[in-house]
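The structure under discussion appears below in the form of structure tokens.
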Amino acid sequence: MNTVFRYDGIVILGHPRSGTTLLRRLLNGHDNLYCPGETHVLNASARFIQSERTAHGLDMGVLSGMHFAGIAEEDILTSVRNLAFSLLKKASLNQKDKRWVEKTAADSYYINEIDQLFGEHAYFIGIVRHGLDVAISSQEYSEAAGMYLDMFKPYINHYGQPLEALLRSWMDVTKNLIEFSQKHPDNCLLVRYEDLVDEPEEVLMHILEFIGEKYSVDLLTKGLTNHADLGLSDPKCLNQQSVTKAYTNRWESLSEHQLAYLANIANPLLKTLDYDVIDVGKCLSTEDARRRYELEIIMNSNNSSYK
């Protein structure tokens, strides 16, 4: 007899570099779940219903256009939702009729539209990670890719320092994710990356209980050793063969001045997420920064050698 779930589908939400790929690989190791690489089905659906407003408040988009054609907004949302879910369901049917799990990091930039389309029709697992670690990892990813993703570009164009820009991106996405989880307490669960890597069994048990599945003792190894469903995803995480805490607290390596500057921006939201507030000194004065620069030049000159 098949188990009846409140929702068949599960959606993972989180800022890029927050552990979304790790979580999707772990859940993909469950016998009853199928979580492929990034499909972009949900954010494509979100973009379909996006609109912009004129100076007079008229929304210019498919919902408004079809409204004047006599099609109700809910009919459009239902049609788009059914199309998206049917594609994800079709993929899961190819995997022995498993429940589908969708994870595409870009989805988190469309939370309002995803809420409008899917908020009451799926389980959501939100994953958050320390904002400074996310910013550092996002910058490394961008350097390796040789580009900034489109979702990062508005922040990069607005802020002078890349790490601040990516931190601001994390703050906006995370605030929206918190609001979404508060709006949907019955079908959205928020977890922290640091808790997942520190106590993976306990966190996975909690997640699976929330979506109505049972934990299996081999879950931690099956997902990370299965390379049959790579797809579009974070290549760095795909090489990870075990859950590790090696990528936590990377922000501690930042310079004193940079850490003080970024911590002042991030601390209020970090506190909201139950992270320890970063206790740092003041930013360097202009004179101190000049002295440090001169000292570094002298030290580098003394340590250099020429053939």
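The values are calculated or read from the model by the stated rules, or taken from the named source; none is laboratory data. All of these numbers come straight from a predicted model, not from anything done at the bench. Positions of Cβ are backbone-derived with ideal geometry, glycine not excepted, and every protein chain shown enters the neighbour counts.
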(request) Kindly provide the set of residues from the stretch 153-186 that are small (G, A, S) and within 18 Å of the chain's Cα centre (by Cα), ordered by number. (result) A165, S169, S181
(request) Tell me, yes or no, whether the stretch 165-175 has at least one residue that is under 25 Å from I10 (Cβ atoms), crowded, with 22+ Cβ neighbours inside 10 Å, at pLDDT 95 or above and not β-branched (V, I, T). (result) yes
(request) Please state which of the following conditions A263 fails to meet, knowing it meets all the rest: (1) modelled with pLDDT of 90 or more; (2) small (G, A, S); (3) loosely packed, with under 14 Cβ neighbours inside 10 Å. (result) (3)
(message) Tell me whether the stretch 75-89 contains one or more residues that are among the small types (G, A, S), under 19 Å from L13 (Cβ atoms) and either at pLDDT below 95 or not in a loop (DSSP other than H, G, I, E, B) (or both).
(response) yes
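With the requirement that a residue be of a type in the set (A, V, I, L, M) and free of Cβ contacts under 8 Å to residues at least 40 places away in the same chain, what does the stretch 45-72 give you? Walk me through it before giving the result.
Just the residues of the stretch 45-72 that are of a type in the set (A, V, I, L, M), to begin with: 46, 49, 55, 58, 60, 62-63, 66, 69, 71-72.
A55, L58, M60, V62, L63, M66, A69, I71, A72 - these are the residues of the stretch 45-72 that are of a type in the set (A, V, I, L, M) and free of Cβ contacts under 8 Å to residues at least 40 places away in the same chain.
Going residue by residue through the stretch 106-126, is there one that turns out to be under 18 Å from I207 (Cβ atoms), among the small types (G, A, S) and over 17 Å from the mean Cα position of the chain (by Cα)?
Step one: filter the stretch 106-126 for residues under 18 Å from I207 (Cβ atoms), giving 107-108, 122-126.
Cutting the leftovers down to among the small types (G, A, S) gives us 108, 122, 126.
Checking the rest, the ones that are also over 17 Å from the mean Cα position of the chain (by Cα) come to 122.
Scanning the stretch 106-126 turns up at least one residue that is under 18 Å from I207 (Cβ atoms), among the small types (G, A, S) and over 17 Å from the mean Cα position of the chain (by Cα).
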(request) Being crowded, with 16+ Cβ neighbours inside 10 Å, outside any helix (DSSP H, G or I) and of a type in the set (V, I, T) is the filter; apply it to the stretch 1-57 and report the residue that is nearest to the chain's Cα centre (by Cα). (result) I12
(request) Check off (1) within 24 Å of S169 (Cβ to Cβ); (2) exposed (fewer than 13 other Cβ atoms within 10 Å of the Cβ) for V128 and give me the number that stays unchecked. (result) (2)
(request) Might you let me know whether the stretch 46-55 holds any residue that is under 30 Å from Q241 (Cα atoms) and of a type in the set (D, E)? (result) no
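Report whether or not S86 is free of Cβ contacts under 8 Å to residues at least 24 places away in the same chain and within 28 Å of L33 (Cα to Cα).
Working: free of Cβ contacts under 8 Å to residues at least 24 places away in the same chain: yes; within 28 Å of L33 (Cα to Cα): yes.
Yes; evaluated as a whole, the condition is true for this residue.
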